[in-house]
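This report concerns only the one structure given below.
Nothing in this text is a laboratory measurement; each read-out follows from the coordinates by a stated rule. Source: prediction; values computed, not measured. Every residue, glycine as well, gets a Cβ built from its backbone with ideal geometry; the counts of neighbours run over all protein chains shown.
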Amino acid sequence: MKTAIVTGASAGIGRAVAEKLLASGWTVGLIARRAELLEDIADRHEGAAFALPADVTDEHAVEAAFKGFMDETGRLDCLFNNAGVFVPAALIDEMPVADWTRAVDVNLTGMFLCARQAFGIMRHQDPRGGRIINNGSVSAYVPREGAAPYTATKHAITGLTRQLALDGRAFDVACGQIDIGNAMTDLLEGIVEAAQARGEVPPPSMDVSHVAESVLAMAELPLSANVLFQTIMATKMPFVGRG
């Protein structure tokens, strides 16, 4: 039995990855704040999916969620560390400090807390080891306008990934990062619709299923191999080149 926890599993990329893992025979713990959406997934995959409602910024809630999953399965092979937020765009001097704090709490501290739990479980279980896959972003390399909190936290996740990959060597814990550009989720659909309403060309996008397939490929590698960084993006995104 292969086991995984997916954070931010109630919608978007997290839900697509959770569904892909379940379809591929994995047992999956589902972490997000919206319990009813997690229960919907768990009800359709009875015995293979477990709803673990929790706020990833709450240390004790995260600990309880991971413990609940271990009580059910006895093992954790993979964490897809995915939960994140994008606060309203603004120039830094016009941005509420509360927006900065929220982004740091979810995108950085939340991912730290989940990685902390997974790392501890993986290095002490028997047989030891496992894999942590952090959801970075193309914003971990190239910013977009008005996005200081998101850009800064995603750059920080790159550092966390490297540190976990280094510290995990002695314990057979692999860590990698997937950097995603414009997967079509409910959030991006809203951006596309807004652009169309303004008469603008919407941003290039790709189906979210391709992200799920890429995460699955990383997850199913043997622990002797690791994708440290992977970028998957809509082909026509203005991520490379001039302009």
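Observations
- Full-stretch length increase - ARG162, SER24 - with 0.36 nm per residue and alpha-carbon distance subtracted: 46.9 nm
- Three semi-axes of the equivalent ellipsoid, the chain, Cα gyration tensor, whole Å, largest first: 29, 19, 18
- Residues THR27, THR185, THR101, THR109, arranged from fewest to most other Cβ atoms within 10 angstrom of their Cβ, appear as THR101, THR109, THR185, THR27.
- Across all directions, the average flat footprint of the convex hull enclosing the Cα atoms of segment 1-112 is 7.1 nm².
- Cβ-to-Cβ counts within 10 Å put THR7, THR158 in ascending order as THR158, THR7, the fewest first.
- In terms of surrounding Cβ atoms within a 10 Å radius of their Cβ, HIS124, HIS155 rank from fewest to most as HIS124, HIS155.
- Net charge over other residues, Cβ less than 12 angstrom from the Cβ of VAL6 (K, R count +1; D, E count -1): +1
- Under 14 Å, Cβ to Cβ, from ALA165 - net charge with Lys/Arg +1 and Asp/Glu -1: +2
- The chain: angle of helix 111-124 to the longest principal axis, Cα-based, in degrees nearest 10: 20 degrees
- Mean separation of Cα contacts under 8 Å (6+ apart) over length of the chain, as relative contact order %: 18 percent
- With Cα atoms, 0 to 90° folded angle of helix 12-23 axis to the chain main axis: 30 degrees
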